[in-house]
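The values are calculated or read from the model by the stated rules, or taken from the named source; none is laboratory data. Nothing here was measured: the structure is a model prediction, and the numbers come from that model. Counting neighbours? That spans all protein chains shown, and the Cβs are built from the backbone with ideal geometry, glycine included. These area figures cover heavy atoms from the full protein model, side chains too; ligands, DNA and RNA do not enter into them. Shrake-Rupley method; radii C 1.70, N 1.55, O 1.52, S 1.80 Å.
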Amino acid sequence: MPSKSQITVISKSNASYDGVLVGLFLVILIVGWFIKVAATPATSWSEVELWNFQTAVGMQTFWTIASILVFFSVLLIEKKIWNVFSLPIYFVSVFFLILVLLIGDEINGAKAWLSIGGFSIQPAEFAKFATCLSLANYLANPSVKMTNFRSLVIGSVIIGLPVLLILLQPDVGSALVFFAFSFVLFRNGLSIWPFVVVFLLGVVFIMTLGFNIYSTLAMLLLMLMFIYASQYKFSHYWIGSILLLAFANIVLIRHDLHLLILLIDIVFVVIMTLLTIREGKLRLVTITTSILVALSSLSFVTSHVFYNVLKPHQQDRLNVWLHPERCDPRGSLYNVVLSKMAISSGGFEGKGYMQGTLTKLNYVPEHTTDFIFCIVGEEQGFIGSVLILGLFMALILRVLYLSERSGTRFVTSFGYGFAGVLFVHVFVNIGMTLGLVPVVGIPLPFISFGGSALLGFTLMYAVFVNISRKNI
């Protein structure tokens with residue numbers, strides 16, 4: 001049972017909040033509100049109905065004011081309260097994720113919204129905050145170490161349970177964001193090898209879909225040769241030979257002689273494997289061969305699932321990213337094509353505030369949510385886009401700096417979680433508008449339309465400012 005002093009809600013001590021963080025919050029929030037206004041059809045302020053909550057811009061004004069009130073209200077709360085109630089907050093968020101599966105509203109094929117008192121909320125947005133808080137509180141326990149298997153499993157379950165429930169909606173974009181919490185585990189001692197494995201799996205997945213299974217297998221065999229060559233005397237001669245073989249791979253694959261080059265690569269690998277065993281590196285051969293088999297199997301499975309299991313519209317989502325030439329510019333590729341056109345049309349200085357044409361006239365779908373960065377690119381150009389990225393970079397770096405300086409595992413872990421979520425949202429959202437990542441549908445923090453996301457980010461932001469403050 002928490003003591004009476006632990007459950008005091010209002011902080012009675014003098015506190016020194018980080019002025020830079022508070023200032024960045026207000027700047028990003030206000031800039032986001034101006035961008036939301038620009039996303040409406042209005043071309044002048046006389047056409048904007050700020051206080052009509054029946055309009056889109058009126059609702060965003062309401063949510064912006066609500067966010068400011070939430071932010072400064074959270075700053076008044078005693079910071080110990082977040083440790084004490086982290087687990088109840090987590091279970092409440094899980095309850096709402098289950099509830100949305102049962103009675104939620106289905107929008108765009110996902111059962112991700114709950115209607116409460118005339119408002120629609122998205123529980124996944126608040127689950128990010130709850131998971132970050134609960135994970136930080138768990139890792140703050142001195143007995144918890146990521147080198148311990150039990151600790152790793154419990155930490156993974158805290159992250160994985162909301163991910164599973166969100167995937168059932170299904171909302172792949174929101175579920176993807178939760179993997180940002182893996183950086184929190186890494187900061188607390190998790191080995192780098194799981195990240196290396198995930199990176200290799202990602203490379204094989206992208207290579208298989210971006211090129212073909214033959215190119216992927218050839219790449220894996222060449223990598224194995226480089227590893228073996230490093231074990232030999234006069235290894236630079238071997239590496240030179242492998243580089244020539246790699247060049248031959250490129251030439252023959254471009255001429256569709258896939259089987260021929262694979263046979264040549266396999267012969268080289270067999271010879272080098274025998275030489276490596278002769279050097280007394282049997283353990284190395286066993287490990288690398290096992291990895292090769294596993295990654296090759298993944299390549300075969302990826303290719304089979306993509307071409308034989310996924311439906312055409314599901315294939316299009318990946319083709320838009322990796323093979324836009326295969327997509328219909330008036331169909332699945334339309335969003336990305338118009339998004340890039342809108343951003344590039346802004347040039348260096350942009351067309352001017354509220355003067356966008358491609359976005360104003362609704363040529364870019366979802367330009368108020370997933371593709372809202374197009375507004376910035378078209379109206380404010382390269383300069384405005386860089387400034388927005390600079391604001392987010394400054395915020396993330398400031399959060400990481402204060403996290404490291406705090407000296408407590410709870411604040412450090414929560415800060416890394418918050419920074420990770422921000423980074424994934426910004427990287428994926430802006431990457432979608434530029435065609436650099438698949439279109440998975442996640443908002444740009446503090447800028448995209450939507451009350452749930454805005455309040456969720458505000459809550460996470462305010463709690464970090466609260467717990468990282470210095471008492472004076």
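Where nothing but the Cβ of Lys and Arg (+1) and of Asp and Glu (-1) is charged, how large is the charge dipole of the stretch 104-193 around its Cα centre, in debye to the nearest 20?
Details: 5 positive and 4 negative charges, 95 e Å.
Computed about the Cα centre, the dipole is about 460 debye.
Students often get this wrong, so check it: of K80/K145; K36/K311; K36/K351; K111/K340; K311/K360, which have C-alpha atoms separated by over 25 Å?
Those over the limit are K36/K311; K111/K340; K311/K360.
Over the stretch 31-116, what lengths in whole Å, largest first, do the semi-axes of the equivalent ellipsoid take, defined as the square roots of 5 times the eigenvalues of the alpha-carbon gyration tensor?
Numbers: eigenvalues 199, 100, 17 Å².
Taking √(5λ) for each Cα gyration eigenvalue gives 32, 22, 9 Å.
How far is the Cα center of the stretch 341-395 from the Cα center of the stretch 71-102, in Å?
Answer, in whole Å: 34.
Provide the gained length on full extension for the span L259 to F306, in nm with one decimal, where the gain is 0.36 nm per separating residue minus the Cα-Cα distance.
Full-extension gain reported as 14.8 nm.
Given M207, I242, Q169, which one lies farthest toward the positive end of the charge dipole of the stretch 169-324, if we put +1 on the Cβ of every Lys and Arg and -1 on the Cβ of every Asp and Glu?
I242
What is the chain's relative contact order, in percent, from Cα pairs under 8 angstrom and six or more apart in sequence?
25
Suppose each label sits 7 Å from its Cα in the direction of the beta carbon; what would the L200-V20 distance come out to in nanometres?
Each label point is offset 7 Å from its Cα along the Cβ direction, giving 3.9 nm.
Please find the FRET efficiency linking R150 to L284, where r is the Cβ-Cβ separation and R0 is fixed at 35 Å, and quote it to the nearest 0.05.
Efficiency for this residue pair is about 0.70.
Would you mind computing, in nm to one decimal, how far apart the modelled labels at A246 and I192 are, each placed 7 Å from Cα along Cα→Cβ?
Taking the simple label geometry, A246 and I192 are separated by 2.0 nm.
Scan around I77 for amide H atoms under 5 Å from its own, H built in the peptide plane at 1.01 Å from N, and keep only partners 5 or more places away or cross-chain.
S11
Averaged per residue, what accessible surface does the chain expose to a 1.4 Å probe, in Å²?
That works out to 50 Å² for each residue.
With the dipole of the chain worked out from charges on the C-beta (+1 for Lys and Arg, -1 for Asp and Glu) around the Cα centre, which of G331, L275, I116 lies farthest toward the positive end?
Most positive-ward Cα: L275.
What percentage of the solvent-accessible surface of the chain, computed with a 1.4 Å probe over protein heavy atoms, is contributed by carbon and sulfur atoms?
Values: 16520 of 23430 Å².
Heavy-atom surface of the chain belonging to carbon and sulfur, 1.4 Å probe: 71 percent.
Once both labels are modelled 7 Å past Cα along the beta-carbon direction, what's the F34-H236 spacing in nm?
5.8
Which of the listed residues, H313, H255, F382, is farthest toward the dipole's positive end in the stretch 247-394, when Lys, Arg count +1 and Asp, Glu count -1 at the beta-carbon?
Positive-most Cα among the choices belongs to H255.
Give, rounded to the nearest 20 debye, the magnitude of the charge dipole that the stretch 40-160 has about its Cα centre when Lys and Arg contribute +1 at Cβ and Asp and Glu contribute -1 at Cβ.
Its charge dipole is roughly 720 debye.
To the nearest Å, what is the center-to-center distance of the stretch 215-252 and the stretch 116-178, using C-alpha atoms only?
Cα centroid to Cα centroid, the span is 42 Å.
Just report the Cα centroid separation between the stretch 277-294 and the stretch 22-50, whole Å.
59
With charges only on Cβ, +1 for K and R and -1 for D and E, what is the dipole size of the chain about its Cα centre, in debye, rounded to 20?
Details: 27 positive and 20 negative charges, 322 e Å.
Using Cβ point charges on Lys, Arg, Asp and Glu, the chain gives about 1540 debye.
Return the calculated 222 nm mean residue ellipticity for the chain, to the nearest 500 deg cm²/dmol, obtained by summing -39500 (n - 2.57) across DSSP H runs with n ≥ 4 and dividing by the residue count.
Numbers: 18 runs with 312 residues, N = 472.
Taking each H run of at least 4 residues, the total per residue is -22000 deg cm²/dmol.
Kindly state, to the nearest 0.05, the FRET efficiency for I68 paired with F211, given R0 = 60 Å and r defined as their beta-carbon distance.
0.75
For the stretch 96-107, what does the Karplus curve 6.51 cos²θ - 1.76 cosθ + 1.60, with θ = phi - 60°, yield as ³J(HN,Hα) per residue in whole Hz, taken in order and with x for Gly and Pro?
Once rounded to whole Hz, the list reads 5, 5, 6, 4, 5, 5, 8, 10, x, 8, 8, 10.
Taking only Cα atoms, what is the 0 to 90° angle, nearest 10, from helix 149-167's long axis to the longest principal axis of the chain?
That helix lies at roughly 70 degrees to the long axis.
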